[in-house]
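A.B. asks: Below: one structure in structure tokens.
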Amino acid sequence: EVLEEGRPVPITGAKERALLAILLLHANEPVTTDRLIDELWGEAPPSTARKSLQVRVATLRRALPEGPLVTRGGSYLVQVDTDQLDLLRFERLLSDGRQALADGDAEAAAATLREALGLWRGRALADFGDEAFAEPAVARLEELRLTALELRIEAELALGLQAQLVGDLRELVAVHPLRERLRG
């Protein structure tokens, strides 16, 4: 979801949405035209893939707020600040929460990790479940989400909230039976 001044910006077209998702997964990093073509069309891109990509980039530029979609040589990138993209914000909060827990500040860790987990609204990249580019990203993001959950639980256990965590832990262990940290 893209917001401009708190209002949703409609991104129509499946390929445009996929293109934006790929660029955001690599926020602030140039992604080559060839890689984008591979990610969007797989092993059998149409002969017009390069031109089609340019058209889709132009469509995104018209839809997005001015400035974030940049062309750099044979690459495109989306420039965003950490707090403009939930993924980057989540990763920062996860790191901050992990550090607070390591520093012995369970209260700050729990609050920070709750804030990080509050950014999730369902499965990562749910709109792109059938797309090959999404598979590794979904696996990585799900692992990060589970890590944040485990750390939040660890922080809340340190705060003496064992009784409140029993239900969550039972559910998590049932869904992820092989995660030793949750079982522990």
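A.B. asks: What are the residues in the stretch 105-132 that are among the charged types (D, E, K, R) and assigned to a loop (DSSP other than H, G, I, E, B), if any?
C.D. replies: Scanning the stretch 105-132 gives D105, R121, R123, D130, E131.
A.B. asks: Which residues, counting only those in the stretch 5-36, are over 16 Å from R61 (Cα atoms), among the basic types (K, R) and part of a helix (DSSP H, G or I)?
C.D. replies: Matches in the stretch 5-36: R35 only.
A.B. asks: Here are some conditions: (1) closer than 30 Å to E150 by Cβ; (2) part of a helix (DSSP H, G or I). E39 meets all but one. Which one does it not meet?
C.D. replies: (1)
A.B. asks: Follow-up question, since we're still on this one. So which residues in the stretch 94-104 are hydrophobic (A, V, I, L, M, F, W, C) and either open to solvent by less than 70 Å² (accessible area, probe 1.4 Å) or at pLDDT below 95 (or both)?
C.D. replies: Within the stretch 94-104, L94, A100, L101 qualify.
A.B. asks: If we scan the stretch 44-51, do we find a residue that is buried (at least 16 other Cβ atoms within 10 Å of the Cβ) and closer than 19 Å to A137 by Cβ?
C.D. replies: no
A.B. asks: Need the failing condition index for D83 against (1) part of a helix (DSSP H, G or I); (2) surrounded by 11 or more Cβ atoms within 10 Å (Cβ to Cβ), just the number.
C.D. replies: (2)
A.B. asks: Let me ask you something else. From the list E107, E29, E91, E39, exactly one residue is touching a residue at least 24 places away in the same chain (Cβ under 8 Å), under 19 Å from the mean Cα position of the chain (by Cα), loosely packed, with under 14 Cβ neighbours inside 10 Å and on the phi < 0 side of the Ramachandran plot. Which is it?
C.D. replies: Matching residue, one of E107, E29, E91, E39: E29.
A.B. asks: Of the residues L149, L157, L172, L141, which is closer than 25 Å to A111 by Cα, open to solvent by 40 Å² or more (accessible area, probe 1.4 Å) and part of a helix (DSSP H, G or I)?
C.D. replies: After applying the criteria, what remains is L157.
A.B. asks: What pairs can you find where one residue is in the stretch 58-72 and closer than 13 Å to R17 by Cα, the other is in a helix (DSSP H, G or I) and aliphatic (A, V, I, L, M), and their Cβ atoms are less than 7 Å apart, with a gap of 6+ or different chains?
C.D. replies: L60/L19; L60/L20
This table checks each residue for (1) within 14 Å of the chain's Cα centre (by Cα); (2) at pLDDT 90 or above.
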site: A139; (1), (2): yes, yes
site: A148; (1), (2): yes, yes
site: E154; (1), (2): no, yes
site: L161; (1), (2): no, yes
site: G167; (1), (2): no, no
site: V173; (1), (2): no, yes
site: L182; (1), (2): no, no
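The values are calculated or read from the model by the stated rules, or taken from the named source; none is laboratory data. The model shown is predicted, which means the values in this text are computed figures rather than measured ones. Methodologically, a virtual Cβ is constructed for each residue, glycine included, from the backbone with ideal geometry; neighbour enumeration extends over all protein chains shown. With ligands, DNA and RNA removed, areas are computed over all heavy atoms of the protein, side chains included. Shrake-Rupley method; radii C 1.70, N 1.55, O 1.52, S 1.80 Å.
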